[in-house]
Amino acid sequence: SDHMENICGYLMKYTNLVTGWQYRYFVLNNDAGLLEYFVNEQSRHLKPRGTLQLAGAVISPSDEDSHTFTVNAASGEQYKLRATDAKERQHWVSRLQICTQHHTEAIGKNNPPLKSRSFSLASQGSANSPGVQRRPSQNAVSFFNVGHHRLPTGKRVPIMQPDHLVDVREMMSQAEGQQRDLIRSIECLPASGHLTSLDQDLLMLKATSMATMNCLNDCFHILQLQHASQQKGSLPAGTTISWLEPKISLANHFKNGAAQNFPAEINKPASVREEQSIAEPCQLTREPEEINPDEELEDICDDKEDDLGAVEEQRSVILHLLSQLKLGMDLTRVVLPTFILEKRSLLEMYADFMSHPDLFIAIANGSSPEERMIRFVEYYLTSFHEGRKGAIAKKPYNPIIGETFHCSWRMPKSNVATDGGNNSSAHSPSEQGTLPKDPEGQAEPDYYTVKFVAEQVSHHPPVSGFYAECVERNMCVNAHVWTKSKFLGMSIGVTMVGEGVLHLLEHGEEYTFSLPCAYARSILTVPWVELGGKVNINCAKTGYSASINFHTKPFYGGKLHRVTGEVKQNMMNTVVCRVQGEWNSVLEFTYSSGETKYVDLTKLSVTRKRVRPLEKQGPFESRRLWQHVTESLRDGDIDKATEHKRALEERQRNEERLRAETETPWCTKYFLKDGDGWVYHKPLWKTVSAAQTQQTDSN
């Protein structure tokens, strides 16, 4: 091809956090399909300092700026490079992509399809012993034997009975065990030599074996549902659902905390067995619980997510995962590797958006509808910075259905802005002189309390409901969010579908709002978070609205994390406030009066939330539920964290199947379905309305 030209020149190469960027002389060898680099042009006749095979590599421009790009080899090795300008980057990227495509297609033509290859097992010796080392001419796939087990042939049964499903379940368990052994054998291979754990054929074998088992599990689930429907749900009390879990009776399954003994689970850690044995909290344990804020203590956890080590060590795992994804694929049912997880649940992340309760409470103190809308916009834009734990893009735990999170904040009244905008008490001088007494004669506390509760109300689709209230200021917020994740190539996009409503009961106002999309960029290098999309805030009663744009960084130039917005009086069609800046740095508010206000988010005081100690939390409260995963991540034990996470997910899947087979509806604890949304079961607007009605009746 005319475009298959050998090019060379200086590029900057990122080495590590200590050394940083260094100039190196790079040479693209199209004939050999190699990218080589040297210390400088004069040393080109010497041995290269580094070489990458381009066959099967991924060449991608970075989202960080217009000069950077990455070369990700099939071996898992990566070069992060930077050209002098956007034009030079495009030149290198296009030539590298052409060379990569040419040599990747050549490999495909020179190797027969997998189905025509023979599979044989080295059944003796360890993977590291000389007796099992592959000859150079031997295919990687032929090193392993994939056992094929056939079901006994015989007369077909029109309707599969439970006993047959038990046999299938046992056989699938054997297959799953053999598949795990296969994966373990591949991963135990040496990192170098003729046969390595990063061999392309072995990576493909790992992926296809996993996909096959997932497909079989889905088919088995369909058989279970068919049988359940044929039984028409007529299951007498105490019937044994033996085709799901042969040793668990239906009556025992619904007992909270009923431990079951399985011979196969004896070797599992006690904490894993505990996670698997926590039974589903259905009717017996779904009554709402009133949390006493006095039992909550100031949170001392400070899990920042700035560690890049695990991500870089697991690059081959990320490459393997990306090889199985397609553009636009819904990631809702994709199990992501444990090492990319934050040490908190998604429900707790929503709570961290409330880390500036002084700004939240101050909304109700605004003297006019205009001021209250502007204060809400200010609170809204400052909430996202603290909602993220560090600069690196990590993913919070996916809440399991029925999971809840409770917390509260105490904010001194002297720290909350009044209608004048200063930070004096929200009470008038006369009120401050004689504090009201409660029925027991105790003085009213000098702080406001903001209470928060969240619940995972649905698993498919994944929907969370959360509610916060400040009774003293007659204000509350109710929201529901459905998180939809999609694979976008070198990024992952998360759409927050849903709506929130802020109620200011003292003013009779309701503010509806939505949430922006979130993106995890540069997932093969140093992943970082970006917000994008347009959100609207509206108050129908006052006629004020706000339009906020979270700008994603353009391909060429532009700033990161930029946000712009304006507050309008719709009836007059006048803009009363404009805002611009970065949602994680400095925001500039310009008012119609000409006054300008700057908010530095990095210097805003953060109020620590208050949570109950683990021993006082229920088994389905986030921190107690995920405590073993969190502890393992803190200790850096990824394998142990994965084991605990898998136990929780497997328990959730089993319970979901049982509910489907017995036609048992899921019962939420704190939130009720209301049209397309979810509403807290005892919102403040109902409590206040009931109190006012009772007072009217007494008069």
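The values are calculated or read from the model by the stated rules, or taken from the named source; none is laboratory data. All values derive from a computational prediction rather than experimental measurement. So basically every Cβ, Gly included, is an ideal-geometry build from the backbone, and we count neighbours across all protein chains shown. Accessible surface areas use protein heavy atoms only, side chains included; no ligands, DNA or RNA. Shrake-Rupley method; radii C 1.70, N 1.55, O 1.52, S 1.80 Å.
Here are some notes:
The rows are residues; the columns are (1) in contact (Cβ under 8 Å) with a residue 12 or more places away in the chain; (2) surrounded by 21 or more Cβ atoms within 10 Å (Cβ to Cβ); (3) aliphatic (A, V, I, L, M).
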{"residue": "SER547", "(1), (2), (3)": "yes, no, no"}
{"residue": "PRO554", "(1), (2), (3)": "no, no, no"}
{"residue": "HIS561", "(1), (2), (3)": "yes, no, no"}
{"residue": "VAL567", "(1), (2), (3)": "yes, yes, yes"}
{"residue": "ASN570", "(1), (2), (3)": "yes, no, no"}
{"residue": "SER592", "(1), (2), (3)": "yes, no, no"}
{"residue": "ASP637", "(1), (2), (3)": "no, no, no"}
{"residue": "ARG646", "(1), (2), (3)": "no, no, no"}
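- Taking region 1-92 as the region of interest, the strands (runs of 3 or more DSSP E) fully inside it that hold 2 or more residues being in contact (Cβ under 8 Å) with a residue 60 or more places away in the chain are 8-14, 21-29, 58-61, 68-72, 78-82.
- Residue match in region 662-669 (condition: open to solvent by less than 50 Å² (accessible area, probe 1.4 Å), out of contact with any Leu (no Cβ under 6 Å at 6 or more places or on another chain), modelled with pLDDT of 85 or more and closer than 19 Å to MET349 by Cβ): no
- For region 365-377, a residue qualifies if it is open to solvent by less than 20 Å² (accessible area, probe 1.4 Å) and assigned to a helix (DSSP H, G or I), and the qualifying residues are ASN365, ARG372, MET373, ILE374, PHE376, VAL377.
- Only one entry of SER234, SER192 meets the criterion of being loosely packed, with under 15 Cβ neighbours inside 10 Å, part of a loop (DSSP other than H, G, I, E, B), polar (S, T, N, Q) and modelled with pLDDT under 65, and that entry is SER234.
Per-residue answers, yes or no, for (1) aromatic (Phe, Trp, Tyr); (2) without any contact (Cβ under 8 Å) to a residue 40 or more places away in the chain; (3) under 30 Å from VAL688 (Cβ atoms); (4) open to solvent by 40 Å² or more (accessible area, probe 1.4 Å):
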site	(1), (2), (3), (4)
LYS486	no, no, no, yes
SER491	no, no, no, no
GLY498	no, no, yes, no
ALA518	no, yes, no, no
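Residues checked against (1) over 24 Å from the mean Cα position of the chain (by Cα); (2) closer than 22 Å to MET349 by Cβ; (3) open to solvent by less than 40 Å² (accessible area, probe 1.4 Å):
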site: LYS603; (1), (2), (3): yes, no, no
site: GLN617; (1), (2), (3): no, yes, yes
site: LEU625; (1), (2), (3): no, yes, yes
site: ARG634; (1), (2), (3): no, yes, no
site: THR642; (1), (2), (3): no, yes, yes
site: ASN654; (1), (2), (3): no, no, yes
site: ALA660; (1), (2), (3): yes, no, no
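- Lone unmet requirement of (1) under 27 Å from TRP482 (Cβ atoms); (2) at pLDDT below 95 for THR512: (2)
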